[in-house]
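A.B. asks: Handing you a structure now.
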Amino acid sequence: MATKKRYGFVIDISRCIDCRACLVACSAENNVGMQYTRIWVKDTGVKGEFPKLTRTFVPYNCMHCENPPCVEVCVSGATYKDKDTGLVLVDQEACIGCGYCVEACPYDARYLDRARGVVDKCTGCIQRVLVGQQPACVTTCVGKARLFGDLNDPNSEVSVALKNAKAVQRLDYEKNGVDTDPNIYFINGEIDDPSIQPRDPRYTFAQESWKTLLVPAVLAGIGLSFVGQATFFAKQLMEGEKEFEE
Amino acid sequence: MTKSTISRRNFLKMAGATLGVVAAGQMLPPAVAEAARRHNLIDADGDGYIPTLCEMCVWRCGVRAKVVKGRVVKLEGNPEHPHSLGRLCARGQSGLMTTYDPDRVLHPLIRVGKRGEGKFRQASWDEALDLVAKNMREIQEKYGPQAMVFSSTHNLSQVQFENLLNGYGSPNYGTQRSLCFNAMVTAFLLTYGIEEPARNYDNVKYILLVGRNLTEAISTSETTALMDAVARGAKLVYLDPRFTKTAAKATEWIPIRPGADAAFLLAMIHVIVTERIGDCDFVKQYVVGCTDLPTAMAEYTPEWAETKTGVPADTIRRIAREFAAARHFALAHPGWRTSNFVNSFQTERAIATLNAIIGNVFEPNGCLIAASPEASGVPLGKPPQPPYPRVTAQRLDGVPWKYPLVPLKLGVFQEMRDAILTGQPYQAHGWFIARQNPVLSLPDRNRTLEALGKLDFIVTVDVVLSDTAWFSDVVLPEASYLERYDPLAVVGGKIFVRQPVIEPQGEARSALWIYKQLGERLGLGDYFQYADEEDYIRQQLAPLGLDLEQLKQKGYVEPPPKENGSEKTDYVFNTPSGKIEVYSETLAKAGFSPWPAWEEPPVPAPGAFYLLTGKVGQHTQMGTQNNQYLHKVQDEPRLWINPEAAKGLGLNDRDLVEVTSPVGNVRVALQVTPAIRPDCVYLTPGFGHLSKGLTTAYGVGASDSVLHVTYTDPISGGQALSQTFVTMKKG
């Protein structure tokens, strides 16, 4: 989906030291519940045999996909891709907490906040971005691993970093007719480790039936009631509004 | 991530309730809010950013605190402070949760139960301070002022703490330096005449870190500078028995045998001086002992070092040549916590020597700057005060009568504890502790608790019920660093202020206020000639003609430029010879080796392991484990063991084991990982709290202090924290 801006992240894997300043910054900035996190540092764990060892840390959060499966499955219309920024957001007033989007996200980048009964996720700190600041995780990144900016703008820090990068990888999920086309670009490191790969979206029977049967039924219901109301209104118009006059 | 003991919602309710009492009908209480409004830092609603200084570790980054309606909601690194450059680490980011910790002590407490039972009653400041003063006076009258021990480390308010102890007349000053960097500081003082040389990463091409785990023992701007250098292509060689996160970022990780760092470094010096590949001109001009150095290092061949370190001779030779080839662009990092073995002083002397012989110690090209990063050169003022009373009593920690080369301001903390316990050379009776946690920090916790039992009176100043506060008779609640002023801090030529961004919660008060109140009750008012915190800072600024209001606005002021800006052309070091003393007459006179030298460290018996300690990026020592944000992002503190060693003992990952050292035992879960040598185990320090007043931290992990045996380096006074050997069995 083409948006005015295409905000995304460039992650320099070679620079992440897994200090988790980003995790704390995100939690404080966004009031994230103590048992939840919106962002992660994935860790391949220590690989190899002593003393030939490697370990890779991969900062990770919502990919703000061009084609987000979460938006696709949202039944209430709460999850959407913002037309101006390209960020994938949740209108928590509209969210009914069904959790379908959590199951559908190949990156496990969303969680159901049970206390509040709504889904929560990385917003790219839109509240900061709209006033010209960087997301909290990016501002504080001690290793300068996290970069953020408009990928549509060829002169943005992220575009320049991509241009200069030796190797660029993405965690695109391209299967079963889905192509997420994610907006996180990983540079200067490997992301081939199985622990970092996207998973298949989970669509439950209820979800499928909701999408294929219930939603049309509900829509039809809404449609019918609208027709009914319209008819009633038309009838009223024709009959006049005597009962409202005093 | 581990369990969370309290939901954020509940936390907010509790914090709100606490704050509500203070704020009652007024979102931002007057003093702080009014000042912040006056400076346009916050708007009419009480929203805005207020600059101040972090205190989640001693690096002290600049902070911009976001305040919304009188609450701190977010901390940002101050781009204008050289230590943060706009960034904060996890601990810095979490600082608001230390301030809003539901376990904060917000009123003076007086013990009512037995010591360690945790039963306290709330008291007024007057009652608590009177009680402290009464006990301190009694001890002074009965046993002399030396019977009162004072300890605190590296706070900005330290200068007034020192007034309290020196005015009172006690020689017994306990810092925690001997558990940390005595070896580094003493070695660099003797070699360069400075405590801690600054590091310059701007042009560095070759970095040698000897156990300096900079990506986990984080000093924000320095860690960023290291990552910048590595990204630029600098070679990073890292010596550590553990594959830490720094090892994961290194070009070359060398899993050296614990205690053998000095052998590796001495062999590097051997190679450089025998092959004459150092900076000979520099050495001749500035280094004492250069002509005899090859002879003094003759025995330390790479082949010899291989037998000590387990590192192939060819590797050592290659690294020495690479290091020398990088010349002024090479850096052997001085290290920080260097309390590993009783030979750690020699390791540090060898590091000092390595830097000297490649001539990298000069600005602007050199990577090691022979000036302390804390040397300010800014002549701040100070309230007037009389001279201190003369102290004739010996120090309990053996400085200088037993440890002649340990600087008085560092001291030997573990020795002081032992003197309290043994009553030799005299019996101490009271201990005044300001935001320090000897119960968890000192080696051999059982011994520390036993020592506390010898004392008539213990008072602790802290923000929470630390393990030490838990065993105290009186606890005085200090305002958190976001709630108070402290004396000024000079960094990079600028004068920075720590100022309150919110009003203190409850009855918490600044250290400046607490020490003054106590001083006045002890008849020491002349050492505390300031009306309040702002007056103290005004007196500091007075000689420079600078204004507090201006300082509060930006969080810093720049002092007027100095008159003579002449560049030094011929460097004189602050040593007896004025040169870098690779050969030290001072050491020779004290009966120690004048050269950096090898001292054979002990090795574990068959079946025993080296117990290693070290930092994680999410905590500072033993003081942050109760912070809920850090608790949320920490790893479970398990005991690391190599798979080969675990297999040999029939142990598996997550098995609960009983670990036994000569002085204690703990139960802890195992983490089987190849990231450690098979002859070592590792435990993250700062866990295993005793205080039930720490509801988040209590019950998590085990304390390495229970296991640590007390070993002291006779030269630097440093505690040898990696010299304890342990065995384990399933349990």
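A.B. asks: Would you confirm, using the coordinates I've provided, whether A:N188 is under 30 Å from B:H81 (Cβ atoms) and modelled with pLDDT of 70 or more?
C.D. replies: The answer is yes for A:N188.
A.B. asks: Check B:S703 against each of (1) under 30 Å from A:E49 (Cβ atoms); (2) touching a Gly at 6+ places or on another chain (Cβ under 6 Å) and name the one condition it does not meet.
C.D. replies: (1)
A.B. asks: Counting only residues that are outside any loop (DSSP other than H, G, I, E, B) and within 12 Å of the chain's Cα centre (by Cα), how many does segment A:59-71 have?
C.D. replies: 4
A.B. asks: Have a look at B:T274, B:T251, B:T295 and point out the one that is among the β-branched types (V, I, T), within 14 Å of another protein chain (Cβ to nearest Cβ) and either touching a helix residue (DSSP H, G or I) at 6+ places or on another chain (Cβ under 6 Å) or at negative phi (or both).
C.D. replies: B:T251
A.B. asks: Conditions: (1) crowded, with 23+ Cβ neighbours inside 10 Å; (2) part of a loop (DSSP other than H, G, I, E, B); (3) more than 9 Å from chain B (Cβ to nearest Cβ). A:C19 meets all but one. Number of the miss?
C.D. replies: All conditions pass for A:C19, except number (3).
A.B. asks: Can you tell me which residue in segment B:611-641 is farthest from the chain's Cα centre (by Cα), limited to those that are within 14 Å of chain A (Cβ to nearest Cβ) and assigned to a strand (DSSP E or B)?
C.D. replies: For segment B:611-641, the residue satisfying everything is B:I641.
A.B. asks: If you go through segment A:113-120 one residue at a time, do you hit one that is within 15 Å of the chain's Cα centre (by Cα), more than 14 Å from chain B (Cβ to nearest Cβ) and either crowded, with 16+ Cβ neighbours inside 10 Å or farther than 30 Å from B:R64 by Cα (or both)?
C.D. replies: There is at least one residue in segment A:113-120 that is within 15 Å of the chain's Cα centre (by Cα), more than 14 Å from chain B (Cβ to nearest Cβ) and either crowded, with 16+ Cβ neighbours inside 10 Å or farther than 30 Å from B:R64 by Cα (or both).
A.B. asks: Taking the condition surrounded by fewer than 23 Cβ atoms within 10 Å (Cβ to Cβ), among the acidic types (D, E), within 28 Å of A:K166 (Cα to Cα) and in contact with a Pro (Cβ under 8 Å, 6 or more places away or on another chain), does A:E103 pass?
C.D. replies: Criteria not met by A:E103.
A.B. asks: Another question about this same structure. Is it the case that B:V657 is closer than 20 Å to B:G614 by Cβ and over 25 Å from the mean Cα position of the chain (by Cα)?
C.D. replies: The answer is yes for B:V657.
A.B. asks: Let me ask something additional. In this structure, is B:Q539 modelled with pLDDT of 95 or more, surrounded by 14 or more Cβ atoms within 10 Å (Cβ to Cβ) and out of contact with any strand residue (DSSP E or B) (no Cβ under 9 Å at 6 or more places or on another chain)?
C.D. replies: Judged against the criteria, B:Q539 is a match.
A.B. asks: I've got another one for you. Sort out for me the strands (runs of 3 or more DSSP E) sitting completely within segment B:23-119 that have 2 or more residues that are within 14 Å of another protein chain (Cβ to nearest Cβ).
C.D. replies: Correct list: B:48-53, B:62-68, B:71-77.
A.B. asks: Being away from every other protein chain (no Cβ under 14 Å) and touching a residue at least 12 places away in the same chain (Cβ under 8 Å): is that true of B:V204 here?
C.D. replies: For B:V204, the condition - away from every other protein chain (no Cβ under 14 Å) and touching a residue at least 12 places away in the same chain (Cβ under 8 Å) - is met.
A.B. asks: Quick one: would you say A:M1 is facing chain B (nearest Cβ under 9 Å) and either surrounded by fewer than 23 Cβ atoms within 10 Å (Cβ to Cβ) or more than 15 Å from the chain's Cα centre (by Cα) (or both)?
C.D. replies: no
A.B. asks: Restricting to segment B:308-337, and then to whatever is of a type in the set (K, R) and assigned to a helix (DSSP H, G or I), can you tell me which residue is farthest from B:A597 (Cα to Cα)?
C.D. replies: That would be B:R327.
A.B. asks: Now for a different question. If you check B:T710, B:T660, B:T727, which single one turns out to be in contact with a helix residue (DSSP H, G or I) (Cβ under 8 Å, 6 or more places away or on another chain), surrounded by fewer than 20 Cβ atoms within 10 Å (Cβ to Cβ) and among the hydroxyl-bearing types (S, T, Y)?
C.D. replies: B:T710
A.B. asks: If you don't mind, another one. Of A:R6, A:R110, A:R38, A:R55, which residue is over 27 Å from A:A165 (Cβ atoms), in contact (Cβ under 8 Å) with a residue 12 or more places away in the chain and either among the charged types (D, E, K, R) or not assigned by TED's automatic domain parsing to the domain that holds A:R146 (or both)?
C.D. replies: A:R110
A.B. asks: Consider B:S441 against the criteria (1) under 19 Å from the mean Cα position of the chain (by Cα); (2) more than 24 Å from B:T712 (Cβ to Cβ): it satisfies all of them except one. Which criterion is unmet?
C.D. replies: (2)
A.B. asks: Test each condition in (1) in a loop (DSSP other than H, G, I, E, B); (2) more than 8 Å from every other protein chain (Cβ to nearest Cβ); (3) under 26 Å from A:D82 (Cα atoms) for A:G45 and report the one that comes out false.
C.D. replies: Here A:G45 meets the rest and fails (3).
A.B. asks: Mind counting the residues in segment B:664-680 that are part of a strand (DSSP E or B) and within 14 Å of chain A (Cβ to nearest Cβ)?
C.D. replies: So the count comes out to 4.
A.B. asks: Among the residues of segment B:614-668, write down those that are without any contact (Cβ under 8 Å) to a residue 24 or more places away in the chain and of a type in the set (S, T, N, Q).
C.D. replies: Once the filter is applied, which keeps residues that are without any contact (Cβ under 8 Å) to a residue 24 or more places away in the chain and of a type in the set (S, T, N, Q), segment B:614-668 yields only B:N652.
A.B. asks: Please find, among B:R232, B:R242, the residue that is of a type in the set (K, R), within 14 Å of chain A (Cβ to nearest Cβ) and within 21 Å of A:A145 (Cα to Cα).
C.D. replies: Of the residues listed, the single one that is of a type in the set (K, R), within 14 Å of chain A (Cβ to nearest Cβ) and within 21 Å of A:A145 (Cα to Cα) is B:R232.
A.B. asks: Can you list residue pairs whose Cβ atoms sit under 7 Å apart, with the first residue in segment B:389-403 being over 16 Å from B:S178 (Cα atoms) and the second being not in a loop (DSSP other than H, G, I, E, B)? Count only pairs 6 or more apart in sequence or on different chains.
C.D. replies: Cβ pairs passing all conditions: B:A393/B:Q146.
A.B. asks: Of all residues in segment B:127-161, how many are closer than 30 Å to B:F181 by Cβ and not in a helix (DSSP H, G or I)?
C.D. replies: So the count comes out to 10.
A.B. asks: Now for a separate question. Within segment B:254-275, which residues are part of a loop (DSSP other than H, G, I, E, B) and of a type in the set (A, V, I, L, M, F, W, C)?
C.D. replies: B:I256, B:A260
The values are calculated or read from the model by the stated rules, or taken from the named source; none is laboratory data. No experiment lies behind these values; they were computed from the predicted model shown. Neighbour counts run over all protein chains shown; Cβ positions are idealised from the backbone, glycine included.
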